[in-house]
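Structure first, then comments.
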Amino acid sequence: MLDTEPQAVENEIVPPDGNPNLPTLDGNETPMARVSVPLLFHDLTGGNRHVEVPGSTVAEVIAELDKVYPGIQDRLRNGDRIAPIVAVTVDGKIAAQGLATPVGPESEVALLPSFGGG
């Protein structure tokens with residue numbers, strides 16, 4: 001049986017087969033969402049800026065990120081909402097449904113630092 005946990009290697013998440021573009025789960029090539037992580041979380045990610053993880057909603061993607069970078073979920077979520085310190089986009093559009101926003105298997109998810117002003 002293959003170890004299916006993604007691994008962080010040189011700014012990328014590399015699946016057990018070693019190919020960062022075609023992650024393998026259960027012996028099948030399965031595309032995963034590509035997540036861009038801001039430097040705001042470099043203390044958790046070791047500076048890694050891009051990660052590929054499974055998930056069909058923003059909540060699931062964040063939970064998978066937490067498996068790779070423990071503690072990131074606590075910073076990205078505020079209970080059942082996205083934390084106010086970040087904005088999330090899926091395929092270039094603001095995640096209007098919050099944590100329930102759908103994520104496709106080849107989606108681009110961006111975690112962006114929130115900007116405030118007055």
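Just a few scattered comments:
- Close pairs from the range 76-99: first more than 12 Å from Ser114 (Cα to Cα), partner of a type in the set (S, T, N, Q), Cβ under 6 Å, at least 6 apart: Val90/Thr101; Val90/Ser107; Asp91/Ser107; Ala95/Thr101
- The residues of the range 58-104 that are under 22 Å from Gly46 (Cα atoms) and basic (Lys, Arg), listed by number, are Lys67, Arg75, Arg77.
- Test: Ile13 is β-branched (Val, Ile, Thr) and either modelled with pLDDT of 95 or more or over 14 Å from the mean Cα position of the chain (by Cα) (or both): no
- Residues (buried (at least 17 other Cβ atoms within 10 Å of the Cβ), of a type in the set (Gly, Ala, Ser) and assigned to a loop (DSSP other than H, G, I, E, B)) located in the range 39-68: Gly55
- Residues of the range 69-103 classified as assigned to a loop (DSSP other than H, G, I, E, B), in contact with a Ser or Thr (Cβ under 8 Å, 6 or more places away or on another chain) and either at pLDDT 95 or above or not hydrophobic (A, V, I, L, M, F, W, C) (or both), total: 6
- Checking Arg34 against (1) modelled with pLDDT of 95 or more; (2) assigned to a loop (DSSP other than H, G, I, E, B), the condition it does not meet: (2)
The values are calculated or read from the model by the stated rules, or taken from the named source; none is laboratory data. What you see is a predicted model; the values in this text were computed from it and never measured. Please note: Cβ atoms are built from the backbone with ideal geometry, for glycine as well, and neighbour counts cover all protein chains shown.
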